[in-house]
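The structure appears right after this line, and notes come after that.
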Amino acid sequence: MANIFSGGGRELDLSNGATEAFVEVLMLAVSDLASEPWDFRFAALLILQDQNLMGRGAVGFPLEEVDWGAGESERSRSKDFVLRATALAASGHRWSELGYHPARVRDHLDRFRIMVEHFPPPDGSGACPHFPGPDGAAMASCVRHRVLSGLPYWDGCFLCHQPR
């Protein structure tokens, strides 16, 4: 099984360990940057990539299934948020909190950044059944770790659930 993130004809096919590191460093960045409703919906999408909760080898998402927004300015702002979060994650932001060094994650983040940069978000806000709606946004934050979490559905954040 593989965890595949894709978009615009590009693919990022990651092992379970690489997926865990990729999602965790992105969550740390997204948690610190999120300010608009769409950002919290994207955070919820990332939470759904936590293999400790969703199952190993069973996560990933195509950018085509993300609701980027109805208008050009919304789509541009959403894409910019993902690119800013990816850049912040690649800078090593809060990696010391992970308890491990995420080997090769910068390469995965760079490949994801290129994928997002070249991805043209589709016009209009269509049906995106796998992208969390406004009611499914990650609005709760783990007090202990300052990371957005799936509360009230899951108790705590990914750092709380680490099997290490």
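The values are calculated or read from the model by the stated rules, or taken from the named source; none is laboratory data. All values reported here derive from a predicted model rather than from experimental measurement. Cβ sites come from the backbone with ideal geometry, for glycine too, and all protein chains shown count toward neighbours. Ligands, DNA and RNA are excluded from the accessible area calculation, which covers all protein heavy atoms including side chains. Shrake-Rupley method; radii C 1.70, N 1.55, O 1.52, S 1.80 Å.
The sole residue among 8, 99, 17 that is out of contact with any Asp or Glu (no Cβ under 7 Å at 6 or more places or on another chain) and either of a type in the set (Val, Ile, Thr) or over 23 Å from residue 149 (Cβ atoms) (or both) is 8. Against the criterion of being at pLDDT below 70 and open to solvent by 10 Å² or more (accessible area, probe 1.4 Å), residue 120 does not qualify. Within the stretch 92-117, residues that are acidic (Asp, Glu) sit with their Cβ atoms under 8 Å from residues that are assigned to a loop (DSSP other than H, G, I, E, B) and open to solvent by 10 Å² or more (accessible area, probe 1.4 Å), at 6+ positions apart or across chains, in these pairs: 97/145; 97/159. Once the stretch 15-29 is narrowed to residues that are within 8 Å of the chain's Cα centre (by Cα) and under 11 Å from residue 109 (Cα atoms), the residue that is modelled with the lowest pLDDT is 23. One residue is enough: does the stretch 82-101 have a residue meeting the conditions under 24 Å from residue 129 (Cβ atoms) and not acidic (Asp, Glu)? Checking the stretch 82-101: at least one residue is under 24 Å from residue 129 (Cβ atoms) and not acidic (Asp, Glu).
The residue that is modelled with the lowest pLDDT, counting only those in the stretch 92-117 that are open to solvent by 20 Å² or more (accessible area, probe 1.4 Å) and within 20 Å of residue 40 (Cα to Cα), is 94.
Touching a His at 6+ places or on another chain (Cβ under 9 Å) and among the acidic types (Asp, Glu): is that true of residue 72 in this structure? No.
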